[in-house]
Amino acid sequence: MRRDIRSLSQDEVTDVLAKLGEPRFRAKQLDEWVWRRNVVSFDEMTNISKGLRSKLAESFFVGVLGESARQESVDGSRKYLLRLGDDVEVECVGMPSGRKLAVCVSSQAGCAMGCAFCATGAAGLTRSLSAEEIYAQASYVAHDLDMRATSVVLMGQGEPFANYDNVLKAMRLLNSPDAMGIGARHITVSTSGIIPMIARFANEPEQFTLAVSLHSAVQKTRNELMPGVKRWSLLHLYEMMGTYADKTGRRPTYEYALISGINDNENELASLVDFCRDTLCHVNLIQLNEVPGSPFQPSSPARAQDFLRRLHNAGVEATIRESRGADIDAACGQLRQRRR
Ligand code: SAH
Ligand code: SF4
């Protein structure tokens, strides 16, 4: 059976070519076609001889993502429903602004964490994605918009740290000058807070950016909102983030989606300030995106401003994140599997 050339590591590609008696630089050429130019067949690889192209085509195919659906937002963002080899579908989003292109990719089809406010969580987990499938989403979006991706966030469907090895491999591919060449600081992974994996992540040598979904600094509230991580206490998270900051010198982001009447009262605000004060962090206040069938409503913009002010007064770096693509259900937490 023929294998997908995209599923091979660079070393494996080099091996295959060496066995065919090809010089080492051929691997680099092949890589360029597959990963940078995003070709769909060996025939397009014009600087590779016809003979070699047909030899490769005997054992391999150039795996492609099928497109099941797409939607374009008034703000220029595009959401794609892409189909993987086994017909599993995932969503990803391209957000161009000027010459910059931010891409949001999925790390799993569905998610097992079950956060109460999240559309992805409601559907459960289908499966984890391979590194190549994660990478290929970014490459697909960049190719479609005819732009270079300048940043990638792993904030689509799935809990990235429940698929740690593949996610890290994908981040390294995105970072590699031989593939997409995106600076490590511009590659962000967001986790709901799987502590042992944050510990691992703190030891990785790259300057990748880490975001942690906090959503409440009150244990009871967070347990209810994020049942998938309730086995780790907030104190545990607090300590781990201190270790992370000490080890890496990097400023992690806490994501906090403001939910009316749930995590936006005075006690919640005071707890959030306590959690963050005197630590290296940045708080991203997110307006909750409404999910059909969910009882949760976003807080008022005035309340979001209160949070921002109080955090600033306590010396905590914070911003209110503008949501993009809300009109196409592509904003945070609105990605889920469904056919249109
Ligand atoms: N699973 C990872 C990353 C993907 S979700 C995680 O949870 O961190 C990206 C961000 O969107 C997370 O902070 C998530 O908590 C948040 N989110 C989920 N549902 C949302 C909603 N309905 N409105 C706003 N943000 C939401
Ligand atoms: Fe999974 Fe993140 Fe959604 Fe929680 S918020 S269910 S971890 S995708």
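Remarks
- In this structure, the residue pairs whose Cα-Cα separation is over 27 Å, taken from LYS50/LYS79; LYS50/LYS100; LYS28/LYS55; LYS79/LYS220; LYS55/LYS100; LYS28/LYS79, are LYS50/LYS79; LYS50/LYS100; LYS79/LYS220; LYS55/LYS100; LYS28/LYS79.
- Taking 0.36 nm per residue of separation and subtracting the current Cα-Cα distance, fully stretching the chain between MET1 and ALA314 would add 106.5 nm.
- In the chain, the longest principal axis of the Cα atoms and the axis of helix 266-276 are about 50 degrees apart.
- If R0 equals 35 Å, the separation of the Cβ atoms of LEU235 and ARG70 corresponds to a calculated FRET efficiency of about 0.20.
- Aspartates and glutamates whose Cα lies under 14 Å from that of LYS247, excluding same-chain neighbours fewer than 8 positions away: GLU204, GLU206, GLU239
- Approximate spin-label separation GLU224-ARG83, in nm, with each point projected 7 Å along Cα-to-Cβ: 4.2 nm
- Using a Förster distance of 22 Å, the FRET efficiency for ARG251-SER97 (Cβ separation, nearest 0.05): 0.45
- The angle between the Cα long axis of helix 131-145 and the longest principal axis of the Cα atoms of the chain comes to about 90 degrees, rounded to the nearest 10.
- GNM flexibility winner over the chain from THR209, THR46, THR279 (Cα, springs under 10 Å): THR46
- Equivalent ellipsoid semi-axes, region 195-280, via Cα gyration tensor eigenvalues times 5, rooted, Å: 24, 14, 11
- Using a Förster distance of 22 Å, the FRET efficiency for GLN305-ASN267 (Cβ separation, nearest 0.05): 0.75
- Estimated 222 nm signal from helices in the chain, with DSSP H stretches of n ≥ 4 weighted -39500 (n - 2.57), rounded to 500: -9500 deg cm²/dmol
The numbers here are math on the coordinates, done by the rules we state, and not lab data. None of these values were measured; they are calculated from a predicted model. Reconstructed Cβ throughout: ideal geometry from the backbone, glycine too, with neighbour counts over all protein chains shown.
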